[in-house]
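The values are calculated or read from the model by the stated rules, or taken from the named source; none is laboratory data. Note that the coordinates shown come from a computational prediction; the quantities given were computed from them, not determined experimentally. Here the Cβ positions follow ideal geometry from the backbone for every residue, glycine too, while neighbour counts run over all protein chains shown.
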Amino acid sequence: MDKTELERVQRYLRTLFNNPQIKIAARAKTKDVAEVFLGEEFIATLDRDEEDGELSYHFRMTVRDTDAPGYLRTKFGNPQFKVVAFPKSKDTSEVYLGEESIGTLTKDEEGGKLSQNFRMAIFDTDLE
């Protein structure tokens, strides 16, 4: 990802989460993956995907706290996060910021340890 792309996505995330401390930095050896920071803390990865002429980005963040909504509210300093379970799914929920659905939260259990992954697609049209 070039500097202009990183700046566009960073501006979008700062606006979406209402948090000016979000920073995106390119990875030195991987051109299609960047790292997302909140202040100095690494919080997520951002993958670039271009398929059939359409550009999108995938935000992926691991949530190690069992109270995912509380964790997201605290982490981003935004009280409007809420998580709503899909009716027929035990391990996937929808993440809202206010009334807008912004992504999904999936639960994974491996070796007796629970982790949750917050995933969000960002389309090139979202950045306009």
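Data table
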item	result
Yes/no for R73 being under 17 Å from F118 (Cβ atoms) and among the basic types (K, R)	yes
Residue pairs meeting the criteria (Cβ under 7 Å; at least 6 apart or on separate chains; first surrounded by 10 or more Cβ atoms within 10 Å (Cβ to Cβ), in the range 40-57; second small (G, A, S))	L46/A34; D49/S56; S56/A121
Tally of residues being free of Cβ contacts under 8 Å to residues at least 12 places away in the same chain and among the hydroxyl-bearing types (S, T, Y) across the range 77-96	1
Flag if A26 is modelled with pLDDT under 95 and either touching a Cys at 6+ places or on another chain (Cβ under 6 Å) or over 16 Å from V95 (Cβ atoms) (or both)	yes
Top-ranked residue of the range 26-39 - restricted to ones that are among the basic types (K, R) and farther than 28 Å from R73 by Cα, ranked as surrounded by the most Cβ atoms within 10 Å (Cβ to Cβ)	K31
Tally of residues being within 14 Å of the chain's Cα centre (by Cα) and farther than 20 Å from E109 by Cα across the range 83-98	2
Test: residue in the range 67-76 that is among the small types (G, A, S), surrounded by 12 or more Cβ atoms within 10 Å (Cβ to Cβ) and free of Cβ contacts under 8 Å to residues at least 60 places away in the same chain	yes
Restricting the range 78-114 to residues that are among the aromatic types (F, W, Y) and part of a strand (DSSP E or B), the residue that is surrounded by the most Cβ atoms within 10 Å (Cβ to Cβ)	F81
The range 71-120 - residue that is touching a strand residue (DSSP E or B) at 6+ places or on another chain (Cβ under 6 Å) and among the hydroxyl-bearing types (S, T, Y) and, of those, modelled with the lowest pLDDT	S115
